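Before anything else, here's the structure in question.
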Amino acid sequence: EMKATVNEDLCIGCESCVDICPDVFEMKDELAVCRFDDEIPTEFEDACREAAESCPVEAIDLED
């Protein structure tokens, strides 16, 4: 099971993660947030990894 968190101190609001994986990430005010407090559904894991890798400031932490 995978969990994702966005580090609010690092996030620059570029929306890259939202563009790549809108099922998991959304914008809240000026920052990206993960839609899931608990584990991410397995069908979204690959896109979530891609989104984390695309983050220009490495603000997305994945646990799996």
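Suppose a student asked you for the relative contact order of the chain, using Cα pairs under 8 Å spaced at least 6 residues apart; what percent would you report?
48 percent
Using amide H atoms built in the peptide plane, which far-off residues or other-chain residues are under 5 Å from residue 28 H to H?
Here 33 satisfy the definition.
Taking the full set of protein chains and a 1.4 angstrom probe, give the accessible area of residue 64 in square angstrom, rounded to the nearest 10.
130 Å²
Roughly how much of residue 50 is accessible, in Å² to the nearest 10, using a 1.4 Å probe?
Answer for residue 50: close to 100 Å² accessible.
Give, as ranges by residue number, the residues of the range 6-22 whose backbone N falls under 15 Å from the point 7 Å along Cα→Cβ of residue 61.
Residues 6-11 fall inside that zone.
Separate question: Once the Cα atoms of helix 45-54 and of the chain are each reduced to a long axis, what angle between those two axes, in degrees from 0 to 90 to the nearest 10, is obtained?
The answer is roughly 30 degrees.
The values are calculated or read from the model by the stated rules, or taken from the named source; none is laboratory data. Being a predicted model, the structure only gives us computed values, none of them experimental. Reconstructed Cβ throughout: ideal geometry from the backbone, glycine too, with neighbour counts over all protein chains shown. Note: areas computed on protein heavy atoms with side chains; ligands, DNA, RNA excluded. Shrake-Rupley method; radii C 1.70, N 1.55, O 1.52, S 1.80 Å.
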